[in-house]
Amino acid sequence: MNKLSRCLGILIAVLSILGCTANYKVNASETSMRHIIIFSNEISDSQSKELIIKKHGVSKIKDLKIINGIIANITEKQKEQLESEMDIVRIEKDLYVQALGKSSGSGSTTPTQPAQVIPWNVTTLKTSLGYSGNEGLGIKIAVIDSGIDLTHPDLKDNIKGGYNAINPKVSANDDYGHGTHVAGIIAAANNSIGVVGISSKASLYAVKVLDSMGGGYLSDLIEGIEWSVTNGMQIINMSLGVQDSLSLHDAIIKANQAGVVLVASAGNNPYGSIEYPAAYPEVISVAATDSNNEICALCPKGKIDISAPGVDIYSTYKGGTYRTLTGTSMAAPHISGTIAMMLLSNNKPDLNGDGKCTTEEVKKKLQSTAIDLGTPGMDDTFGAGLINAFRAVTE
């Protein structure tokens, strides 16, 4: 065989391979994706749900009892088949959730414990209150986030438990840093090191729903809410954002009905809308301000309930360290920490006198005692204005 013949043979073989490759297309109906499958109220036990999905070759990943659902990987074809089942109410994609804080400065990168300072944001909120009185002692706050550094010297005494929704067999230790930063704003101990939290004796619960990159599944967020309700949390802080979801809203409504006060960051997109869950009416949405009481450049406009410090916030970080971060993620825990003190106050926000403090009652008191900023009255930038912790707790 001469060189020309050999070259032609190779060319034909290559074209044949390329032709086969070009003719093969991945069928969208064969691509499996995580979905949330919601069942009717008549189907409540796990075994019945599994019997229904197994008819279509689907295996459950986990339950979401708070919304009567399950998580499963399904193809488009399986989705169509399942949607024809009378006992299935709806099927949603398991959306992407992300943390809402950004680094805005340097911090300690090794586990060193600097002498305690009171950051500007804590001074702004608590100068008049001091630290010898109401410090949120024993109020149970779920930090639904990337976990918390469980051995951080400035937090460990206030960490009372937690749950890893990503992998329940593993601890809720923070491998991203965001959740630890949020936790420090809420309840870093009033000791001789690091920083001081808004409610420095509150009980922190690490509920890990975000991974080492600060992202995660909507279903894990919902499971984190479920765990918080089941375990008697009084406040849930959610410094994260996701697209609107009926399943998420259902979980939020259930938590609200259970008497949990819900707080969430508004988002970090000035050209976008308020993130969920903050956009839901059952949640207190929080915008971020700087040390001059100006709105953070990252903040969106819209359904803002109240504002709190969120720019250049120095707090605890993973690995026993400290760092400065900016965002509405940092603003929300100021509200959560203040609410912990409000729930212990002699003037707690039980507006209807039924012995309970609902999210709506807490929100109304926060708003009625806030420092008005921007356009007089409620506006879509600051909400009711900057939180006034002294008035919210004492009046």
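Here is a yes/no grid of residues against (1) at pLDDT 95 or above; (2) surrounded by fewer than 20 Cβ atoms within 10 Å (Cβ to Cβ); (3) closer than 25 Å to Leu373 by Cβ:
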position: Val286; (1), (2), (3): yes, no, yes
position: Gly310; (1), (2), (3): yes, no, yes
position: Ile313; (1), (2), (3): yes, no, yes
position: Gly353; (1), (2), (3): no, yes, no
position: Cys357; (1), (2), (3): no, no, no
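For Gly327, the test of being within 24 Å of Asp175 (Cβ to Cβ), of a type in the set (Gly, Ala, Ser) and touching a residue at least 60 places away in the same chain (Cβ under 8 Å) is passed.
Do we find a residue being in the same structural domain as Gln257 (by TED's automatic domain parsing), closer than 21 Å to Ser273 by Cα and small (Gly, Ala, Ser) anywhere in region 352-361? There is no residue in region 352-361 that is in the same structural domain as Gln257 (by TED's automatic domain parsing), closer than 21 Å to Ser273 by Cα and small (Gly, Ala, Ser).
Does Gly310 satisfy the criteria of being at positive phi and of a type outside the set (D, E, K, R)? No. Tell me, which residue of region 193-236 that is in a strand (DSSP E or B) and not small (Gly, Ala, Ser) is farthest from Gly147 (Cα to Cα)? Ranking the candidates gives Ile193 first. Restricted to region 154-185, and to residues there that are touching a residue at least 60 places away in the same chain (Cβ under 8 Å) and of a type in the set (Ser, Thr, Tyr), the residue that is farthest from Pro309 (Cα to Cα) is Tyr163. The criterion of being buried (at least 16 other Cβ atoms within 10 Å of the Cβ), farther than 22 Å from Ala266 by Cα and of a type in the set (A, V, I, L, M, F, W, C) holds for Leu344. Selection within region 201-216: residues that are buried (at least 24 other Cβ atoms within 10 Å of the Cβ) and touching a helix residue (DSSP H, G or I) at 6+ places or on another chain (Cβ under 8 Å). The member of this set that is nearest to Ile118 (Cα to Cα) is Ala202.
The values are calculated or read from the model by the stated rules, or taken from the named source; none is laboratory data. Everything numeric in this text was worked out from a predicted model, so none of it was measured. Note that we place each Cβ from the backbone using ideal geometry, even for glycine, and neighbour counts take in every protein chain shown.
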